[in-house]
Every structure is written in structure tokens, then in C-alpha cells.
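Asks: Got a structure for you, written out below as C-alpha cells; questions coming shortly.
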Amino acid sequence: MGREFGAGVRAAIGSTGLTQRQLAEHLGWQEAKISDMLAGKGGVTREEVIALLAYCRTTAAERDRLVALFEETGEKGWLQFPEDGVPDQVRTFIEHEKSATKIVAWSATLVPGVLQIPEYIQVVTEASPVIDAADFPAVVAARIARAEILNWDREFVFYVHEFALRLQVGGIEVWREQLAHLLRVSVRTYISIRVVPASIGIHPGTTGGFYLLEFPKFLPLVFLDSLNCCLFFDDTETVEVYETTLKRLAAVALDEEESRAVIDSILEGH
């Protein structure tokens with residue numbers, strides 16, 4: 001939570017055109033105080049946060065959001081509901097996803113979100129019990145846009161259960177094109193797709209899917225998604241639990257070549 005707060009304050013300061021030193025002088029602070037705030041380390045009071053945001057002429061809505069984040073800084077985890085009630089449009093996760101240098105995902109039921117083709121996304125969105133039909137276009141557009149992070153300047157590892165690949169989402173043509181897309185992206189050097197075969201039976205990821213995001217200047221972050229909310233963890237103890245889970249998944253998952261062979265065999269069988 002501290003990192004999102006810091007990013008928000010950084011944006012507010014940036015809008016003034018002032019340097020951190022100049023702003024500190026105007027507020028009568030030491031520059032280090034602002035640096036600590038931006039790093040999510042605290043060192044300021046709620047009233048000081050409000051004073052800084054007021055000086056930056058931050059909107060009331062953004063001020064309230066940042067103050068709420070400030071008050072939750074230091075918690076082991078945080079639960080977040082999207083303000084408009086639309087899943088997958090929670091700004092926190094999308095922003096962290098964009099700034100991560102490595103993303104590791106585990107999915108037991110569907111193809112991981114950033115690997116889904118638009119037609120697959122459309123079907124998944126329409127099947128949601130909590131998204132109104134009027135919101136379908138916005139949600140689909142947001143989910144499609146997430147694929148823009150698939151660039152060579154970061155690393156991706158996707159663990160996918162075989163059942164997720166065999167689940168026919170949409171018509172057979174949509175489903176086949178989705179599998180073909182996985183084969184196409186799997187040859188990129190910065191993307192690793194590893195299948196957890198059904199033949200192993202019970203496996204370490206039975207509790208559900210999650211993302212582990214790594215950053216250059218922050219500790220790793222774990223993200224869990226549900227129907228209408230999401231949960232974040234960045235405390236060392238919890239992150240280590242999920243890192244251990246990923247290591248255990250890696251021990252039973254097929255390697256990249258074997259995984260491509262499984263996807264090929266599913267396609268050939270249909």
C-alpha cells in the first residue's frame with residue numbers, strides 16, 4: 001500500500017512543476033521527509049499529507065484516496081473493491097502490473113488474463129455473474145489493454161493447469177485460436193508458459209490462482225483476484241508462502257518444450 005501512496009504523491013508533486021527540494025522549502029520541511037514519503041516509509045502525519053496535497057492543489061477525490069492509502073500503509077495486506085464495481089479495472093493492480101519487471105502467474109481454471117485473446121476475453125467477461133451488460137465494453141477494453149505489458153523489457157512466467165487449456169471457452173474456433181496464440185507467444189524469449197499436467201493429480205496450487213510481481217525498487221507483491229474485489233500482500237512472510245508455492249509448482253510443471261507439445265496435442269485432438 002505504501003508504494004501506491006508514494007506513486008500518487010509523486011504524481012501530485014509532478015503536477016506542480018516543482019522539484020522535491022523546492023516543495024520542501026515551501027512547506028518548511030527537510031527534503032528527506034518528502035523522499036521518505038515517496039518511498040512509502042512514512043515519517044509524516046496525516047495532517048502533513050493533507051497539507052502537502054493541498055499545496056499541490058490535488059482534487060478532493062484524489063486527496064481522499066491518498067489519505068486512505070496513507071492510513072493503511074504498514075498493514076500486512078489490503079482488500080480493495082473497485083469503486084465502480086467493475087472487476088479487472090482496479091487501478092492498483094493495473095499500475096503495479098505496468099511497473100513490474102517480472103510477473104509470475106498461476107492459473108488453474110482459465111488462460112492467464114494477459115495471454116487471453118480478445119474473443120476469449122469477451123466470453124469470459126459475459127460469463128461473469130457480477131458484471132452488468134452495460135459494462136461489458138469497458139471491462140473487455142481494460143482486459144485487452146493489459147496485454148500491452150507483454151514486452152521484452154520484463155520477464156513473464158505462466159503456470160497453467162492442463163484443465164484450463166482444455167476448457168472450451170467460447171466456440172471451438174475461439175478456443176482453438178486461443179491455444180494457437182499461446183503457442184505463438186510461448187516462443188518469445190521473455191515469456192515462459194509451463195503446463196501443470198492433469199496426470200499429477202493433487203498439486204500445490206489447489207487453493208487458487210495468483211500473481212507474484214517483482215519490482216526494481218520495492219519488495220515483491222502478491223495479488224489475488226475474486227469476483228468483485230482483490231487482495232494484495234507485500235509483507236515478507238506472506239510473499240514467501242507464495243514463492244514457496246511457485247517453487248513447488250515449478251517442480252511438477254512441464255518445461256517449455258513439453259508444455260508446447262501438450263498444447264499441440266490438444267489442438268490436434270480437436
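Asks: Could you grab me the full set of residues in the range 113-166 that are under 21 Å from THR189 (Cα atoms), touching a helix residue (DSSP H, G or I) at 6+ places or on another chain (Cβ under 7 Å) and of a type in the set (Val, Ile, Thr)?
Replies: Result: VAL114, ILE117, ILE149.
Asks: Another question, then. Taking the conditions exactly as written (over 17 Å from ILE266 (Cα atoms) and free of Cβ contacts under 8 Å to residues at least 60 places away in the same chain), does LEU115 satisfy them or not?
Replies: Criteria not met by LEU115.
Asks: Now for a different question. For the range 16-27, state whether one or more residues are at pLDDT below 85 and in a loop (DSSP other than H, G, I, E, B).
Replies: As a first pass, look at the range 16-27 and keep what is at pLDDT below 85: none.
No, the range 16-27 contains no residue that is at pLDDT below 85 and in a loop (DSSP other than H, G, I, E, B).
Asks: Now a separate question. Do you know which of the residues in the range 128-140 that are surrounded by 11 or more Cβ atoms within 10 Å (Cβ to Cβ) and either assigned to a helix (DSSP H, G or I) or of a type in the set (A, V, I, L, M, F, W, C) (or both) is modelled with the lowest pLDDT?
Replies: VAL130
Asks: Yes or no: ARG143 charged (D, E, K, R), buried (at least 18 other Cβ atoms within 10 Å of the Cβ) and in the same structural domain as GLU97 (by TED's automatic domain parsing)?
Replies: Values: charged (D, E, K, R): yes; buried (at least 18 other Cβ atoms within 10 Å of the Cβ): yes; in the same structural domain as GLU97 (by TED's automatic domain parsing): yes.
For ARG143, the condition - charged (D, E, K, R), buried (at least 18 other Cβ atoms within 10 Å of the Cβ) and in the same structural domain as GLU97 (by TED's automatic domain parsing) - is met.
Asks: Taking strands (runs of 3 or more DSSP E) that do not extend beyond the range 176-225, which have at least 1 residues that are modelled with pLDDT under 90 and either in the same structural domain as ILE149 (by TED's automatic domain parsing) or among the hydroxyl-bearing types (Ser, Thr, Tyr) (or both)?
Replies: Result: 221-225.
Asks: Quick check on the range 114-171: of everything there that is charged (D, E, K, R) and in contact with a strand residue (DSSP E or B) (Cβ under 9 Å, 6 or more places away or on another chain), which residue is nearest to ILE202 (Cα to Cα)? Break it down into steps so the answer makes sense when it comes.
Replies: Within the range 114-171, the subset charged (D, E, K, R) is 119, 126, 132, 135, 143, 146, 148, 153-155, 162, 166.
Filter again for in contact with a strand residue (DSSP E or B) (Cβ under 9 Å, 6 or more places away or on another chain), leaving 154-155, 162.
Numbers: ARG154: 31, GLU155: 28, GLU162: 13 Å.
That would be GLU162.
Asks: Is there any pair with a first residue in the range 224-243 that is within 16 Å of GLU4 (Cβ to Cβ) and a second that is of a type in the set (Asp, Glu) and surrounded by fewer than 15 Cβ atoms within 10 Å (Cβ to Cβ) whose Cβ atoms are under 9 Å apart and which are 6 or more apart or on different chains, and what are they?
Replies: ASP235/GLU75
Asks: Still on this structure, please answer the following. Could you list all residues from the range 244-270 that are without any contact (Cβ under 8 Å) to a residue 40 or more places away in the chain and either over 12 Å from LEU212 (Cβ atoms) or of a type outside the set (Val, Ile, Thr) (or both)?
Replies: Within the range 244-270, the first condition is being without any contact (Cβ under 8 Å) to a residue 40 or more places away in the chain, and the residues that meet it are 244, 247, 251, 257, 261, 265, 268-269.
Correct list: LYS247, ALA251, GLU257, ALA261, SER265, GLU268, GLY269.
Asks: Identify, please: which residue in the range 159-184 is surrounded by fewer than 16 Cβ atoms within 10 Å (Cβ to Cβ) and of a type in the set (Gly, Ala, Ser) and is, among those, nearest to SER199 (Cα to Cα)?
Replies: Filtering first and then ranking leaves ALA180.
Asks: Let me ask another. Only residues that are of a type in the set (Asp, Glu), surrounded by 13 or more Cβ atoms within 10 Å (Cβ to Cβ) and closer than 10 Å to PRO220 by Cβ: list them for the range 231-248, please. I'd like the intermediate steps shown before the answer.
Replies: The first filter runs over the range 231-248 and keeps only residues of a type in the set (Asp, Glu), leaving 234-235, 237, 240, 243.
The next check asks that each one be surrounded by 13 or more Cβ atoms within 10 Å (Cβ to Cβ); those that pass are 234-235, 243.
Within the range 231-248, ASP234, GLU243 meet the criteria.
Asks: Kindly evaluate ARG146 against the criterion of being part of a helix (DSSP H, G or I) and touching a Leu at 6+ places or on another chain (Cβ under 9 Å).
Replies: no
The values are calculated or read from the model by the stated rules, or taken from the named source; none is laboratory data. Predicted model, so just to flag it, every value in this text is computed and none were measured. Don't worry about glycine lacking a Cβ; one is built from the backbone with ideal geometry, like all the others, and counts go over all protein chains shown.
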